[in-house]
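Okay, so here's the structure we're looking at.
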């Protein structure tokens, strides 16, 4: 084979149409790393910039929430088969030019949407109710995976409308939501996976109904977790960060949680939690802690 010295092939010379096809074949996280390959790859990750005609004082209003959801819906429906980034900003109070980034949305090709929130460095504590109805409107009917990062109370007007349109959602993930203390989830029949990662101020997680939930993963500080009406749940991971405030937690609450998991097939627990239960006289030969369907049990030696 002879080397073609007159027309050398360079990564910078690959047409944009081919670049889009390449990144569409790999998962979103890996695809995003292609931005470091060359300047031509950066082009396909150029964000769409949208300036909201609102200020900080107006961002929690119902009208603002509806406006943001219309923008996200249009974003999803316009760019169906390609990765895209959307930046939503608003004007600072008493300013005609200073913009503040509020939300960054990244859409993958596998019907997944990643949304990160900005602006509040020290967010106030808040609670989040999540209702996923079977059918309300079809703004986000194509979504299968929704990943929300750094939610704050300022997103309170945006999220309920977003959730109400996710009638085909299969995976929901919450990550690094600093001020989030309480989560209450009521899901439709299609939700299979629920993930909560590194929400450091979390106190209560309540799944009141999720008929076809199969997997639940919680990584973070010890919180009161209640899982109700989850008959199909089969895979649970509780990767709990040790805390000096264990005395605040009722041992019976943790036993009750484990009792609600007795029908799972795969269970992963923090090793320190097992040791702590043992010091409280709790053993797994008790009737309420018999896992008759368990196929795989493992424990995590260190929080990570």
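A few points about this structure:
- Percent antiparallel among DSSP beta bridges (both partners in the stretch 47-233, rounded to 5): 25
- The Kirkwood radius of the stretch 153-304, taken over pairs of alpha-carbon atoms, gives through the Stokes-Einstein law at 37 °C and 0.692 mPa s a diffusion coefficient of 203 µm² s⁻¹.
- Hydrodynamic radius of the stretch 47-233 per Kirkwood, over alpha carbon pairs, in Å: 16.9
- Here the label points at residue 251 and residue 294, each 7 Å from Cα along the C-beta direction, are separated by 1.8 nm in the simple model.
- Approximate spin-label separation residue 228-residue 263, in nm, with each point projected 7 Å along Cα-to-Cβ: 1.6
- Length gained on full extension, residue 212 to residue 176, computed as 0.36 nm times the residue gap minus the Cα-Cα distance: 10.4 nm.
- Convex hull volume per residue for the stretch 246-304, taking Cα atoms only, in Å³: 88
Just so you know, all these numbers are worked out from the coordinates, no wet-lab data involved. Everything quoted here is computed from the prediction, not taken from an experiment. Every residue, glycine as well, gets a Cβ built from its backbone with ideal geometry; the counts of neighbours run over all protein chains shown.
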